[in-house]
Amino acid sequence: ARFIIVEGDTGLGKTGIARALLNKYGQRILPIEATDVWKDNSGAFLASILLALGVKDCPQTAVGRLQKVIERL
């Protein structure tokens, strides 16, 4: 299990890398695009992960969200 954050300016190939990884590994890859909503809010970040995992009943607390992410991954 790995968690990789790819950061960089526009045009560096981040999307291309994500597509290549998705083609090779399929559903084992969970691409999530950062948003301004996250800021320093770990709960919002975890909610984005849960949404990408298809979880519709997102817990209200950051701790609950973290536990759900761990459970799903």
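With respect to being among the basic types (Lys, Arg) and open to solvent by 70 Å² or more (accessible area, probe 1.4 Å), Arg2 fits the description. For the residues Ile32, Ile49, Ile70, the requirement of being under 15 Å from Ile4 (Cα atoms), at pLDDT 90 or above, β-branched (Val, Ile, Thr) and out of contact with any Cys (no Cβ under 8 Å at 6 or more places or on another chain) singles out Ile49.
Checking each residue in the range 16-37 for being more than 19 Å from Ala47 (Cα to Cα) and either part of a loop (DSSP other than H, G, I, E, B) or open to solvent by less than 80 Å² (accessible area, probe 1.4 Å) (or both) picks out Gly16, Ala18, Ala20, Leu21, Leu22, Gly26. Within the range 38-61, track down each residue that is open to solvent by less than 90 Å² (accessible area, probe 1.4 Å) and assigned to a helix (DSSP H, G or I). Ser42, Gly43, Ala44, Phe45, Leu46, Ala47, Ser48, Ile49, Leu50, Ala52, listed by residue number.
The values are calculated or read from the model by the stated rules, or taken from the named source; none is laboratory data. The shown structure was predicted, so the numbers you read here are calculated from the model rather than taken from an experiment. Counting neighbours? That spans all protein chains shown, and the Cβs are built from the backbone with ideal geometry, glycine included. Ligands, DNA and RNA are stripped out before the accessible areas are found, and what is left, the full protein with its side chains, is counted by its heavy atoms. Shrake-Rupley method; radii C 1.70, N 1.55, O 1.52, S 1.80 Å.
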